[in-house]
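The values are calculated or read from the model by the stated rules, or taken from the named source; none is laboratory data. All figures in this text were calculated on a predicted structure; none of them were measured in a lab. FYI the Cβ positions are ideal-geometry reconstructions off the backbone, even for glycines, and counts take in every protein chain you see.
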Amino acid sequence: MKMNSLSSLKENKGPIDILRSRLGCLIARKTFLKKTARPGKPQSFSGFVGDASSFLIVMPDGDEDFGNALEFADTIRKKGKKVSLLAKEDKLSDLIQTKRFRYIKVNPSDKTRLELPNKKFALMLRREKYDVVIDLNIPENTYCSVAANLVNSKFRIGFMKRHSDRFYNMQIANNEINSALSYRNLLNSLQMF
């Protein structure tokens, strides 16, 4: 029986890892999350993608997902947008020579034991400014959700997952088994704006 990447990821986590992840999420909500507009105040999304000139794309860890996310980022770049990628250093080593994107490298030392950005990396992210931030992690990844939230941006987009309403102001439902379909659906959704 074939499993999707999300269920196999959850099965590989031990009780300590799950506890560490939940504690990290709790600390992230109290420490890192930006104060967003009041819940009663609606935010206009009309034309935000067309008007945006700079995008930060938070890349997933898995090899297949990373390749599909790269195609997604390239599609946005081909529309004349400036695209930056936030990804693990080992994933970016081959890409850096192409100079198609701007890169923000995540080193292992940039993470705490609770899977949160360390203080130095968090301060660096707070200085970054983009029109739109898109987190392409489909399974829950607290580190990437926090990183997407630290960057100065009016629009933060991510896939629906546990507590995602605290990190993103636009969430995309994901019912697909593979990331290529999920990213294609996200791209189609963004074209409406």
Legend entry - region 85-125 - residue that is touching a residue at least 24 places away in the same chain (Cβ under 8 Å) and of a type in the set (Gly, Ala, Ser) and, of those, surrounded by the most Cβ atoms within 10 Å (Cβ to Cβ): Ala87
Legend entry - Residue under evaluation Lys78, criteria (1) modelled with pLDDT under 95; (2) of a type in the set (Lys, Arg); (3) farther than 22 Å from Arg184 by Cβ; (4) more than 16 Å from the chain's Cα centre (by Cα), criterion not met: (3)
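Among the strands (runs of 3 or more DSSP E) lying completely within region 126-172, list those that include at least 3 residues that are crowded, with 22+ Cβ neighbours inside 10 Å.
Numbers: elements: 132-135, 155-159, 170-172.
So the answer is 132-135, 155-159.
Name the single residue, out of those in region 84-105 being hydrophobic (A, V, I, L, M, F, W, C) and under 17 Å from Asn137 (Cβ atoms), that is modelled with the lowest pLDDT. Explain how you work it out, then say what you get.
Initial filter on region 84-105 (hydrophobic (A, V, I, L, M, F, W, C)): 85-87, 92, 95-96, 101, 104.
Cutting the leftovers down to under 17 Å from Asn137 (Cβ atoms) gives us 85-87, 92, 104.
On the way: Leu85: 97, Leu86: 97, Ala87: 95, Leu92: 87, Ile104: 95.
Among those residues, the one meeting the criterion is Leu92.
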Legend entry - Test result for Arg38, surrounded by 13 or more Cβ atoms within 10 Å (Cβ to Cβ) and either in a loop (DSSP other than H, G, I, E, B) or modelled with pLDDT of 70 or more (or both): no
Legend entry - Residues of region 53-75 satisfying the condition of being small (Gly, Ala, Ser) and over 18 Å from Asn188 (Cβ atoms): Ser53, Ser54, Gly62, Gly67
